[in-house]
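S.K.: Before I ask anything, here is the structure I am working with.
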Amino acid sequence: MTESILVARNLVKTYTQRSGKFGFGTTLVKALDNVSITLRAGSTLAVVGESGSGKSTLARCLLQLQPLDSGEVLFAGEDLAKLNGPALRAVRKNLQMVFQDPFASLNPRMRVGEIVGEGLVIHDVGNSAEQQQKVIAMLKRVGLTEADMQKYPHEFSGGQRQRIGIARALVLQPKLVVCDEPVSALDVSIQAQILLLLKELQAEMALSYLFISHDLRVVRHIADDIVVMNQGKIVEQGAVVDIYQRPQHEYTQNLLAAIPGKKIDLSKKTVNA
Amino acid sequence: MKAETHKAFPLLQLENVTITLKKSPTRLLVKDVSFTIEAGKTTCVVGESGSGKSLTALSVMGLLSKQLQLSSGRVLFNDSQLGLKDLTTLDAESLRKIRGAKIAMIFQEPMTSLNPVLTVGYQIGESLTTHLGLKGERLKTKISSLLELVGIPSSRANSYPDELSGGQRQRVMIAMSIACEPQLLIADEPTTALDVTVQAQILKLLDELKTRMNMGMLFITHDFGVVADIADNVVVMFRGEIVESGTKEQVLGNPQHPYTKALLACVPDAEGKNPLRPIDYAWLLENQPSLSKAPSLTAGVIA
């Protein structure tokens with residue numbers, strides 16, 4: 001058994017929602033209800049569920065982008081929930097995130113070089129020449145060019161923007177990357193490119209991924225372990241192979257049955273492309 | 001043209017439709033596209049973003065933006081009352097009578113295509129009042145029954161779009177589009193923004209409605225999984241051209257064109273048996289010289 005890089009225990013997060021006439025009443029929504037997960041170092045843990053199941057809240061709470069009500073998040077032996085200010089910022093160097101929407105997650109008024117290099121500046125990594133070198137190397141690694149540093153995000157296609165988002169997350173050489181639906185806004189052909197890129201980078205940089213998705217076809221290809229969430233609770237977890245072959249919980253079975261393309265088995269076709 | 005149904009013609013027939021930019025008429029965004037849609041059948045148009053599939057759909061509705069023009073080709077719509085009409089030659093007034101009543105459209109983003117300051121009931125009722133002249137109690141009853149038909153409680157007619165979930169909003173869009181019982185429904189990636197479970201529900205709903213109302217459906221998507229679930233006929237587009245078309249069994253079961261094969265191969269399979277294969281455009285262009293003729297189109301497609 002490999003060591004675990006991230007352990008979350010008994011996470012609880014409750015949102016207050018206005019309800020009733022004029023919003024005078026309040027109802028409590030349990031976005032995370034006693035959630036515990038373990039991410040093994042160098043592996044990919046997928047969190048799947050419908051929208052509203054709490055998977056994005058889980059990601060945000062793990063990175064302390066939102067405060068938890070209770071529970072602990074152990075990263076390399078430290079409880080992130082207890083850290084504050086500078087200590088938390090120092091740890092965040094190792095925790096990066098790739099966002100869902102490649103259009104909304106890049107500042108339109110910053111050049112790509114600045115976007116990717118910002119983390120290096122914040123964490124004071126090397127002098128400016130070294131930072132420049134790192135940014136260039138990272139851009140090249142994700143399939144962009146040195147000349148792209150001077151461009152603005154609007155000059156790129158959706159797939160290219162997601163590459164910029166990945167470069168921004170990885171330039172600090174983090175240990176853990178949280179990918180919140182990184183390919184759901186992309187075309188199938190681009191999706192395959194980005195997934196392969198993520199897999200290659202994982203092998204090269206010994207990354208651990210927390211991969212959030214509602215597309216079980218994508219998860220099958222990238223994840224080692226899987227957590228199925230429904231209404232803030234984990235209903236099932238285990239190795240990807242086991243869950244896909246023998247889903248125990250009814251909710252998981254429904255999710256698997258909803259995958260489009262069941263009528264014709266696309267996988268049987270021989271392809272020489 | 002005689003005002004009777006031309007039995008020999010299908011519901012919709014696109015003949016050599018070409019769409020260009022007004023400013024540079026040599027730049028072909030959609031090139032020589034021809035296909036047909038039969039009543040009660042679903043034709044799926046598949047392709048990546050930038051392949052011209054949405055433009056083709058918009059041209060049927062006469063909704064192309066002002067910078068674009070339909071430079072040649074005919075769009076023949078075979079209506080049971082109006083007879084055979086070339087939609088490209090109709091004036092704005094006659095087109096308005098067809099839109100919503102005979103041909104309806106569902107757009108991709110249920111969040112942005114509904115008006116946030118009007119109740120969903122009002123928005124569903126709009127086309128009923130315009131095209132069928134329904135008012136008062138009869139209008140209310142019809143709206144309620146439409147909402148029930150798409151699986152939303154009729155009490156939600158007074159809700160605003162932001163009070164509904166993404167799946168419910170798309171159901172409202174569907175209720176709006178089928179309100180006047182159109183003969184042709186155009187759906188432009190109606191499930192791309194939705195979860196898998198909701199997607200499965202919406203696809204099932206559309207398929208049922210199509211059968212019940214004997215509608216023809218033009219369904220645009222980039223997901224071959226969806227195609228396998230819903231299509232009768234498939235048209236594959238690449239850089240503004242049709243590269244392959246046929247029945248679902250032909251195109252999915254025995255793809256001929258290298259682009260179709262490549263597009264099929266990059267759909268991740270749920271069993272995880274096949275490795276992921278992104279499309280290798282350089283290889284495609286080398287092996288299919290006919291595709292490289294439109295260099296102006298290549299720039300935007302490669303990610």
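S.K.: In nm, to one decimal, how far is the B:E15 label point from the A:A257 one, both placed 7 Å along Cα→Cβ?
M.R.: Using points 7 Å along Cα→Cβ, the separation is 4.8 nm.
S.K.: When Cβ neighbours within 10 Å are restricted to other protein chains, what is their mean count per residue of peptide B:242-253? Walk me through the numbers on the way to the answer.
M.R.: Details: counts 0, 0, 0, 0, 0, 0, 2, 1, 0, 0, 6, 5.
Neighbouring Cβ atoms belonging to other protein chains average 1 per residue here.
S.K.: Something else about it: To make sure I understand, if each residue's beta carbon is the centre and we count other beta carbons within 10 Å, what order do A:S4, A:S56 fall in, fewest to most? Numbers along the way, then the final one.
M.R.: On the way: A:S4 16, A:S56 19.
Lowest count first: A:S4, A:S56.
S.K.: Here is a further query. Which residues' amide hydrogens lie under 5 Å from the amide hydrogen of A:N230, considering only partners 5 or more residues apart or on another chain, with H built in the peptide plane?
M.R.: A:V235
S.K.: Suppose every Lys and Arg Cβ carries +1 and every Asp and Glu Cβ carries -1, with no other charges. What dipole size does the protein assembly as shown come out with about its Cα centre, to the nearest 20 debye? Please report the intermediate quantities before stating the final value.
M.R.: Details: 62 positive and 58 negative charges, 192 e Å.
Dipole of the protein assembly as shown, to the nearest 20 debye: 920 debye.
S.K.: Per-residue counts of other Cβ atoms within 10 Å, averaged by peptide: what ranking do you get for B:205-214, B:228-237, highest first?
M.R.: Working: B:205-214: 15.6, B:228-237: 23.1.
For the peptides B:205-214, B:228-237, the packing ranking is B:228-237, B:205-214.
S.K.: Across peptide A:102-109, what mean number of C-beta atoms from other chains lies inside 10 Å of a residue's C-beta? Working shown, then result.
M.R.: Numbers: counts 0, 0, 0, 0, 0, 0, 0, 0.
Partner Cβ neighbours, averaged per residue: 0.
S.K.: Here is a further query. Rounded to the nearest 0.05, what FRET efficiency is calculated for B:L95 and B:T141 with R0 set to 25 Å and r the Cβ-Cβ distance? Walk me through the numbers on the way to the answer.
M.R.: Numbers: r = 29 Å, r/R0 = 1.18.
About 0.25, to the nearest 0.05.
S.K.: Report, ordered by chain and residue number, the aspartates and glutamates lying within cross-link reach of B:K248, taken as a straight Cα distance under 17 Å and ignoring same-chain residues fewer than 8 apart.
M.R.: A:D265, B:E38, B:D207, B:D223, B:D229, B:D232
S.K.: Give A:K82/A:K134; A:K93/A:K233; A:K151/B:K31; A:K175/A:K233; A:K30/A:K82 a once-over and call out the pairs whose C-alpha atoms are over 24 Å from each other. Each step should come with its number before you reach the end.
M.R.: On the way: A:K82/A:K134 32 Å; A:K93/A:K233 29 Å; A:K151/B:K31 32 Å; A:K175/A:K233 26 Å; A:K30/A:K82 22 Å.
In this structure, A:K82/A:K134; A:K93/A:K233; A:K151/B:K31; A:K175/A:K233 lie more than 24 Å apart at Cα.
S.K.: Still on this structure, I have one more. Would you please put A:112-121, A:65-74 in order of how densely packed they are, using the mean number of other Cβ atoms within 10 angstrom per residue and starting with the highest? Please report the intermediate quantities before stating the final value.
M.R.: Values: A:112-121: 20.1, A:65-74: 15.4.
So the order, starting with the most tightly packed, is A:112-121, A:65-74.
S.K.: With labels modelled as points extended 7 Å from the Cα through the Cβ direction, what inter-label distance (nm, one decimal) is found for A:Q231 paired with B:S80?
M.R.: Rounded to a tenth, the inter-label distance reads 4.4 nm.
S.K.: I would also like to ask the following. Listed here are the pairs B:K85/B:K140; B:K142/B:K210; B:K97/B:K210; A:K55/B:K140; A:K55/A:K140; B:K204/B:K261; which of them are more than 29 Å apart at the Cα? All intermediate terms of the calculation are to be shown ahead of the outcome.
M.R.: On the way: B:K85/B:K140 33 Å; B:K142/B:K210 19 Å; B:K97/B:K210 22 Å; A:K55/B:K140 39 Å; A:K55/A:K140 32 Å; B:K204/B:K261 27 Å.
Among B:K85/B:K140; B:K142/B:K210; B:K97/B:K210; A:K55/B:K140; A:K55/A:K140; B:K204/B:K261, the Cα-Cα distance tops 29 Å for B:K85/B:K140; A:K55/B:K140; A:K55/A:K140.
S.K.: Under 19 Å between alpha carbons, and skipping anything fewer than 8 positions from A:K13 in its own chain: which aspartates and glutamates qualify?
M.R.: A:D33, A:E50, A:D69, A:E72, A:D79, A:D180
S.K.: Calculated FRET efficiency, A:Q133 and A:R9, Cβ-Cβ r, R0 45 Å, to nearest 0.05? Kindly include the intermediate steps, with their values, before the conclusion.
M.R.: On the way: r = 40 Å, r/R0 = 0.90.
Plugging the Cβ-Cβ distance into 1/(1 + (r/R0)^6) gives 0.65.
S.K.: Taking the beta-carbon count within 10 Å as an exposure proxy, list A:H154, B:H131 from fewest neighbours to most.
M.R.: Details: A:H154 9, B:H131 18.
Least to most surrounded, the residues fall as A:H154, B:H131.
S.K.: Across the stretch B:248-262, in residue order, what do the Karplus-derived ³J(HN,Hα) couplings come to in whole Hz, using 6.51 cos²θ - 1.76 cosθ + 1.60 with θ = phi - 60° and x for Gly and Pro?
M.R.: Once rounded to whole Hz, the list reads 4, 5, 5, 5, 7, x, 9, x, 9, 7, x, 5, 4, 4, 5.
S.K.: OK, next. Taking every alpha carbon pair in the protein assembly as shown, what does the distance histogram look like in 20 angstrom bins from 0, in percent?
M.R.: Going out from 0 Å in 20 Å bins, the protein assembly as shown shows 19, 50, 28, 3, 0 percent.
S.K.: Among A:E236, A:E204, which comes first, then next, by fewest other beta-carbon atoms within 10 Å? Don't jump to the answer; show the numbers that get you there.
M.R.: Values: A:E236 20, A:E204 10.
Sorted ascending by nearby Cβ count, the order is A:E204, A:E236.
S.K.: Let me ask something else about it. In terms of modelled amide H atoms, which long-range or inter-chain residues lie less than 5 Å from the amide H of A:V98?
M.R.: A:V178, A:C179, A:D180
S.K.: Counting only other chains, what is the mean number of Cβ atoms within 10 angstrom of the Cβ of each residue in peptide B:196-205?
M.R.: Working: counts 14, 10, 4, 5, 7, 1, 0, 2, 0, 0.
Taking the mean over all residues of the peptide, I get 4.
Coordinate-derived values only; no laboratory data. Just so we're clear, the structure is a prediction, and the values are computed from it rather than from any experiment. Cβ: placed from backbone, ideal geometry, glycine included. Neighbour counts: every protein chain shown.
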